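Trainee: Here you go, one structure.
The values are calculated or read from the model by the stated rules, or taken from the named source; none is laboratory data. Keep in mind it's a predicted model, so treat the numbers as computed, not measured. Using ideal geometry, Cβ is built from the backbone for each residue, glycine included, and neighbour counts are taken over all protein chains shown.
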Amino acid sequence: MIYHYVNKFVLALFCVFMCLGVSLGLEVHQSHSDLIKKPGDKVQIFCSHDKTDYTLMYWYQRSPGDTALKLIGYLYNQAVKMEKEYEEHFHISGDLRGVAAKNGSLIVQITGHEQSAVYYCAASYAQ
């Protein structure tokens, strides 16, 4: 029997501010708004912002029918910390060091319907 999976990635902008004051000038940009991929494909989602002292970039997943955001992992400067359940099929990369604009990415290896979700990128000041 052959199973066909269609995975829909709905990507949205999501900013988290974990410092004492909220920076109203920060815009987090995330690539793609809607993707449909098949098992075996890889999807790379990009995230960027111009707040040079925000050296933390978080990636979250919200599955269909679920209101909770699940932390996939985060990038601090260029060090990556992944949550255990996401280590096999997800990869975070980027370099948030220095005073240039910040860029990072999330790569998702499509294996089945479990990756069909909304993915969020968030930026924060490291305290």
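Trainee: Say whether the condition of being buried (at least 16 other Cβ atoms within 10 Å of the Cβ), at pLDDT below 90 and farther than 27 Å from Tyr125 by Cβ is met by at least one residue in segment 7-24.
Mentor: Within segment 7-24, one or more residues are buried (at least 16 other Cβ atoms within 10 Å of the Cβ), at pLDDT below 90 and farther than 27 Å from Tyr125 by Cβ.
Trainee: Restricting segment 47-76 to residues that are surrounded by fewer than 15 Cβ atoms within 10 Å (Cβ to Cβ) and in contact (Cβ under 8 Å) with a residue 24 or more places away in the chain, which is nearest to Ser31 (Cα to Cα)?
Mentor: By that ranking, first place goes to Asp50.
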